[in-house]
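The values are calculated or read from the model by the stated rules, or taken from the named source; none is laboratory data. Just so we're clear, the structure is a prediction, and the values are computed from it rather than from any experiment. Glycine also receives a Cβ, built like all others from the backbone with ideal geometry; neighbour counts cover every protein chain displayed. Heads up: the accessible areas ignore ligands, DNA and RNA and are worked out on the full protein's heavy atoms, side chains in. Shrake-Rupley method; radii C 1.70, N 1.55, O 1.52, S 1.80 Å.
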Amino acid sequence: MASPSELPELPLETRCLPFALRQYAGFWLPEAVLARGLPAVRDRFAPRLDDVLLASFPKSGTTWLKALAFATARRAVHPPSDHDHPLRHGNPHDLVPFLEFGFTLAYDADALAAGLEALPSPRLLATHLPFSLLPGRLAAAGRIVYVCRHPKDALVSAWTFTRKASGSMGVDAESYSLREAVELFCAGRCVAGPQWRHVVEYWEASLSRRNVLFLRYEEMLRDPVGSLRTMAGFMGCAFSPGEEERGVPQAIVELCSLEKQKNVEASRDDGRTADGIKADAYFRKGVAADWSSHMTPEMGKMVDEAVEDGLRGSGFTFADSTPANREK
Ligand code: PAP
């Protein structure tokens, strides 16, 4: 476990905006997360058996997953048709906190730990941490829902987000090119990278543990209601026949749709999340295979080759992400 005194010894990457990264236990993580977030998650956070942890590599569908999980878990108190539903006013990131980023940014870590402790069960929490860096109790206790996305789309989504939101993070990303982002991604030098390793760890965990559900963003786009039913069952709050009859799963999918969410007042114009990040940067196109509108075929090939290399021997394959498959 990295301690602040060891940090200067760890390999450093400063070209991947918006964060300075350090390589730790095989992954590149924001320096600040290693210094404050990860140690606090390990030392100050007490997992519960009924916690639901939403996990992902960045830009893989986290915001959507947070909205769906919140709307599903809290539907008795906040029916999706409710005009005053929290998802009609707030950003999903403010309803489901990131553990490691919360502790990284917390002014008072003790107060944050106490706030998490005071949350009613089942708590909904999120993380971009790799499975192997979750505290043992967190990996073993609770239910983990992981969402995976095709690497080229996650990469393009991260690059566009960085350019749009970096100002609100105090970073100038004007000249950060896609080519540079591609090269760094292929070397695994991106937030929580290598991406393929992040994915394979959770995928393997989902094969051997009943407390890990592995979802794919592309499959969620293809069948949102079916994916939501799977998730609700896994979270221990399956839809009843009566709810199915009343169309509750469809209403939740509608409430959480990209179109609805990007038009929520808090996520429009210059709205910010509680962390101060430009909220509309979390909502863009939300489709599969958009990488082809940004990358040259050569960049696409570079990523494919790096991913193929990284996946060799794992048995894992990503969804088809050729543009021709976009609408299937
Ligand atoms: P995060 O890792 O910073 O939390 P995350 O939500 O995982 O970001 O990824 C953002 C992507 O999810 C964006 O994809 P794009 O750039 O390719 O468009 C965003 O548009 C998409 N997204 C956000 N909300 C939704 C939603 N409700 N439905 C579908 N996709 C969504």
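Below are the figures for this structure:
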item	result
Accessible surface of the chain, 1.4 Å probe, proportion on carbon and sulfur as whole %	53 percent
Amide H partners (placed H, <5 Å) of Val212, local residues excluded	Ile144
Value of [θ]222 nm, deg cm²/dmol, for the chain, DSSP H segments ≥ 4, -39500 (n - 2.57) each, nearest 500	-11500 deg cm²/dmol
Charge-dipole axis of the chain as Lys and Arg at +1 and Asp and Glu at -1 on Cβ define it, positive-most pick from Gly310, Phe103, Leu53	Leu53
Segment 83-234 pair-distance distribution - Cα-Cα, 5 Å bins, rounded %	2, 7, 13, 17, 20, 18, 14, 7, 2, 0
Rounded to 5, percent antiparallel among DSSP beta bridges of the chain	35 percent
Theoretical FRET efficiency, 1/(1+(r/R0)^6), r = Cβ-Cβ of Asp172 and Ser5, R0 51 Å, to 0.05	0.95
Separation of the Val287 and Asp84 label points, Cα + 7 Å toward Cβ, nm	3.9 nm
HN-Hα J in Hz across segment 187-192 - Karplus 6.51, -1.76, 1.60, θ = phi - 60°, x for Gly and Pro	8, x, 8, 9, 4, 6
Stokes-Einstein D in µm²/s, Kirkwood radius over Cα pairs - the chain at 37 °C with 0.692 mPa s viscosity	162 µm²/s
Unit charges on C-beta of K, R, D, E only; dipole of the chain, Debye	380 debye
Label zone at Arg179, where the point sits 7 Å out along the Cα-to-Cβ direction: segment 286-311 residues whose backbone N lies under 20 Å	291-306
Space enclosed by the convex hull of the alpha-carbon atoms of segment 1-92, per residue, Å³	136 Å³
Sites Glu244 and Asp50, calculated FRET efficiency, Cβ-Cβ separation with R0 25 Å, nearest 0.05	0.55
Spacing of the two label points (7 Å from each Cα toward its C-beta) at Ala274 and Val225, in nm	3.3 nm
HN-Hα J in Hz across segment 239-254 - Karplus 6.51, -1.76, 1.60, θ = phi - 60°, x for Gly and Pro	6, 7, x, x, 5, 4, 5, 7, x, 4, x, 5, 5, 5, 4, 5
Fluctuation leader among Gly170, Gly286, Gly271 - the chain, Gaussian network, Cα springs under 10 angstrom	Gly170
Total formal charge among the other residues, if their Cβ is under 12 angstrom from that of Leu228, Lys/Arg +1 and Asp/Glu -1	-3
Solvent-accessible area per residue, Å², over the chain with all protein chains present [probe radius 1.4 Å]	44 Å²
Among His128, Thr162, Gly226 the positive-end extreme of the charge dipole of segment 122-239 (Cβ point charges)	Gly226
Residues Ala187 and Lys164, FRET efficiency given R0 of 22 Å [Cβ-Cβ distance, rounded to 0.05]	0.40
Pairwise Cα inverse-distance average, inverted: Kirkwood Rh of segment 97-144 (Å)	11.7 Å
Interchain or long-range residues, amide H under 5 Å from Tyr24's placed H	Leu29
Burial order of peptide ranges 299-307, 211-219 (average beta-carbon count within 10 Å, highest first)	211-219, 299-307
Under Karplus coefficients 6.51, -1.76 and 1.60, residue-wise ³J(HN,Hα) of segment 74-79 in Hz, glycine/proline x	9, 5, 5, 8, 10, x
